[in-house]
Structures are given as C-alpha cells and as structure tokens.
1. Report the convex hull volume per residue for the range 228-333, counting only C-alpha atoms, in Å³.
2. Which helices of the chain meet both criteria: a Cα extent of 30 Å or more along the helical axis and a mean Kyte-Doolittle score no lower than 0.5, with helices taken as whole DSSP H segments?
3. Within a 10 angstrom radius of the beta carbon, how do 384, 331 rank from fewest other beta carbons to most?
4. When a footprinting reagent is the concern and you count Cβ atoms within 10 Å, what order do 568, 5 take, fewest first?
5. Could you work out how far the C-alpha centroid of the range 444-490 sits from that of the range 258-312, in angstrom?
6. What are the lysines whose alpha-carbon lies under 23 Å from the alpha-carbon of residue 208, with same-chain residues fewer than 8 places away excluded?
7. How large is ³J(HN,Hα) for each residue in the range 286-292, as worked out from phi by the Karplus curve 6.51 cos²θ - 1.76 cosθ + 1.60 (θ = phi - 60°), to whole Hz, x for Gly and Pro?
8. Expressed in nm², what is the orientationally averaged projection area of the convex hull enclosing the Cα positions of the range 132-282?
Amino acid sequence: MNQDEQLSNIRHSLAHLLASSVLEVFPDAKLGVGPVIDNGFYYDFQLPRPLTPDDLKDIEKKMKKLVGKKLAFERQELSTTEATKFFKDADQPFKLDLISALEKFGTTSADEILNAEQATSSEQSGGVDTVSLYKTGEFTDLCRGGHVENTSEIDADSFKLDKIAGAYWRGDEKNPQLTRIYGLAFENKEALDEYLHMREEAEKRDHKKLGRELKLFTISDLVGAGLPLIQPKGMVIRKTIEDYLWSLHADKGYSRVWTPHIAKEALYETSGHAAKFGDELFRVQGKEDKFIMKPMNCPHHMQLYADNQFSYRDMPVRYFEPATVYRDEKSGQLGGLTRVRSITQDDGHLFCRVSQIEQEVSMIVSVITEFYSSVGMLDSYWVSLSVRGEDKSKYLGEDSVWEMAESSLEQAAKANNLPYKRMVGEAAFYGPKLDFMFKDSIGREWQLATIQCDFNLPARFELAYKNEKGEDEQPVVIHRAISGSLERFMGILIEHYAGAFPVWLAPVQASVLPISDKHLDYAQDVKQQLHEAGIRVELDDRSESIGKKIREATKQKVPYMLVVGDKEVEAGKVAIRNLAGDDLGTMTIPDLINKLQQEITTKA
C-alpha cells in the first residue's frame, strides 16, 4: 500500500469515528454519507438542533478517545435484505435509501444513478444483492472501505474537526437539509500544522479581498456573477501579462488574429462543442439565425485556416489570439477571478504535419519555461500527460487516431525531458494533452499551461494542405495556452505575490512622497522625469504627514517610495524606501531610472 492509499484509509476511518462520536452526543442522529476529500473527510447528519463550537470540541475529544482504544475495523458481508433490516431497526432512513440504490443500480452516486435512469433497459447495468458493513467498537456503518486495520495506525494529533456547513441529501434541494461536519486529516501533526499555516496564508492572500483593497477588479451584481470588471490598476497587470505573452511568440512565426464573440450554432455542431458543453452554452437568438457565444476559439481558427490554400511549404501555420470565451457555469461555483463566465484565453492554434509535432511542442515548452520562470513558479512543476479513459463514448475520433495522437505527445514529452505522468481519463474530448502543474509561493498546485494534440477537429472541418505530391493531406492541430486564462492567472498571481507585485508587474512602480507642500514642485519634476522614462509613477500631493503617506503607499503595495525633503531638493536626489521598509539611501534621478528600467527589463 502506498502513502496516498494509507492516508485515504486513515481519513475514511476518521469519518466513521466522527459518526460514532456524533451518535454519542446525539443518539437519534440520522446518518448520511462520510467520504474522503482532498484535505480530510466529512460526514452528513440530520441532527435535532444546530451544532455549536463547543459541540465540535466535544465530538473531537470523543474521536481522540476512540483512536486511543485501538479499535479494529471489522468487515461484514450481508445480503441487501439483511442490511435493510439492520438499518431499519437502527432507524437510519438515509442508509436504507443507499441500500435501495445499490440494489437497483449498483451505485450510490447521484450522477451515475441519473445516467442509469436515463439509459435504456438494455444499457442499464444490474444492481447488487450483497453489501459490506464495517464495525468499529459499538458502531457499524454501510461502507465499501478501505480503512485502517486498527485505530492505533492513526496519530491522534494529526486531525481536527474544522467547520460546519449545510448540505442537501444527495445534493438535491428537494431532499432534507443535513448538517455537514468537515474534518482535516494528515499523516502526522507536522503535516496538519503545515496545512493550517498554508491556509492561514491563503486567507491573507485571498485575491477577492486584495482585489477590493488594491482596486484591481470589481464584481457587480448588476453586471452579473462571474463577469468581473477590470479596474485601471488591474488592467495594467492584465495588459502587461498579455504583452509579455505576445513578445514570447512574436519571433516564433505566430500571426495574431481576431474572431467574433458569437457564431452560428452550426459551427459548434460541426466541432462537437454543442453536444459536449450542452447547457453551459450561452445561446443568442438573432432575427434570422440562432447563435452561440463562443465557448472555445478553436472552431473559429479552423475557419481562418480553411479560407486559405496552404501547401507543405507553409506548414506550420500558427495563430495567436487572446480572446474571451463564455460558459454558463453554475452560480455556486463562481468566485472572484478564478472561476468566471467570461474567460480570456491566451489562445494559440498551430496547424502542422505529424513530423513537426515534436518540434512544435518543444517550441511551446520553451515559451512556458521562460514565462513561468519570470513569475517564480518553475520550481517543482510536473506535467500531466492526459489520455483517454476506458469509456470511449466520451471522446471524438477513431482508436487509430487517438493512438497516434497519444504516442506523438508522449514522444514529445520524452524528447523535452518533461517530468510527466500518464493520467488516464483526463484527455480533452477531441485529443490528449499535456497539462502543466505549477506551485505558487505557499505550495498550492495549479493547472495552468496546456498543450493539446488534435487529429479530430481537422477531420470534422475537412481541413487540408497540399503535400509534396500535390495531394490533400490533413494537418494536425496543436491547441496551446500558456497562462490558461488571463482572469484566473491574474487571481493566482495576486495570491502568489500577496498583492506585492514585482516592479515589472506592479500597477504603480514608484510613488513620489514630498515631505511638505514646499517640496511639491521638485516632486512634480521627479514624477515627470520618471513618467517620460516609461515608469508607472504616482505623486502623493496631499497635505498629510510623511508617515501617513508612507503607510498608504505601503498599504497599496507600491514597490518603491521616493521621499523628497529639503536635503533631496538641494542634492537633486530622492530618498528611496522599498515595500519591505528598508531604507536604500539616496539616488539621483538618472540612476534611479536606470535601476527601475533594469528591474523591469529583466523582470527581477
């Protein structure tokens, strides 16, 4: 058993101990489900009253006592009839509901049950006639496992109850609302403490909070959830990232293109996106035609390619477009910039020959490496080689096409020495992909850049170029995005830097702070010289104390504060203070400009 499986078993076992402890406090509690989650576990209960913080402390103490009793997890196999009688006698209606689902569908997953109900009788898989129960001390639960063999395998200091939430039974608002108790669980106390520290840091860095404080973006109820408005300072960051991305492509044979935000339904029916995205599509009724707000840019780019006559000498053809696409995400899943309905992808599509895949992937990898090195996120990254799963009905195209695409992408990953892992079932519906996983400054992992190999859309759109024999040959399309989406990447960067951006990204790179009104003329001259040198600079000309001005600039996370008083005016210099509060001494304006320009150019 590997470490991940052992941790999963510990978390699953703790969910049982939670349920057992809740029944000690509330003997009439009705039990829902208690699965493992990324940072621990939860369990749903129907309780006679709301829980208090003191209740959580009491329940956690009882759990720790159970751990100390070195209880075994004993598996029992019962017929569904016997299990039904057991939970009926225990007055546990939600467990009876689960057993009924297992008898009929062989699963308790709400999504799988819905799919089974919608399937024809010939497509439906059968249910089960036996189920497993696990007994721990005096507590028995319906469960398939796995668990630790004995609670002595659990470190009593490695877990804690975390929070309370509401949840509908089976996620359906028509069903009873239950109380969900979340618990955190890790291998040991050190890992738990590390997670709690990271979470505390994440709360301080919350991009929604910092976005308001630093005036980077706005969420308006009148505009709508998931449709962020970028403020002037936020636009500086966004445009700087966009310009940098283009600079990394401009000398690599890319051409910039532009495509409209809507297209006729027929475009997405041909591409397969209409069937794939379904109710996530925004639909627009014109006077004559039905349109869709584009969920992807690739079908538009296919049309650009199709309106040309290319030969093998023209290949590869490379298009670049930072374009906004739209998906009607559920409102409960939206948040700040990281989950939105308007998504601006730094999108690129390359049309090439099979023999050019490795070369093109290598070029994209070089761009990804340079870009993420500039923002300090290149350490400890890994790459998911996302391939098809067993259910091939979810994917477009023939087996032979997929085998060729997956083989080509894996060969390119090896040639570029990428730290990749094969992830079965994670492919896009039209082809395999390389998803780059980066860690931010507090260790959180984000899927950002992607390279996708596609033999299917060129076939669906009947794209071709003339080969050496003058015959039509189908190109391969490589979809690639470096930042993923500008909105989400901005949100991640705000948290990565805790709002304290390096000079090249900072909305305001320097703030000139005159000590008194008599220094205003000189301060204005300093500002003008910096502005003419391309430095983003502000002048705080308020009649406030210098201490207050420094505090305000620090709160706004300005990288450099340039203090101007009698000595500075007389010497033709500025006194420099950085965001960390360090006094960097005085400097002439030309030397200061050279320093700032160097930091901007090198993206220090």
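Read-outs: derived from the displayed coordinates by stated rules, not from any lab. These figures come from a predicted structure and were not determined experimentally. Reconstructed Cβ throughout: ideal geometry from the backbone, glycine too, with neighbour counts over all protein chains shown.
1. Details: hull volume 15.9 nm³, N = 106.
Considering the Cα atoms of the range 228-333, their hull volume per residue is 150 Å³.
2. Values: long enough: 3-25 (33 Å, 0.02).
In the chain, no H run is both long and hydrophobic enough.
3. Working: 384 17, 331 10.
Starting with the residue having the fewest Cβ neighbours, the order is 331, 384.
4. Working: 568 21, 5 10.
The order, fewest Cβ neighbours first, is 5, 568.
5. About 15 Å separates the Cα centre of the range 444-490 from the one of the range 258-312.
6. Excluding near neighbours in sequence, the set is 163, 233, 239, 330, 439, 555, 557.
7. Result, ordered by residue: x, 5, 10, 10, 9, 10, 10 Hz.
8. Numbers: hull surface 71.5 nm².
Over all viewing directions, the range 132-282 projects a mean Cα-hull area of 17.9 nm².
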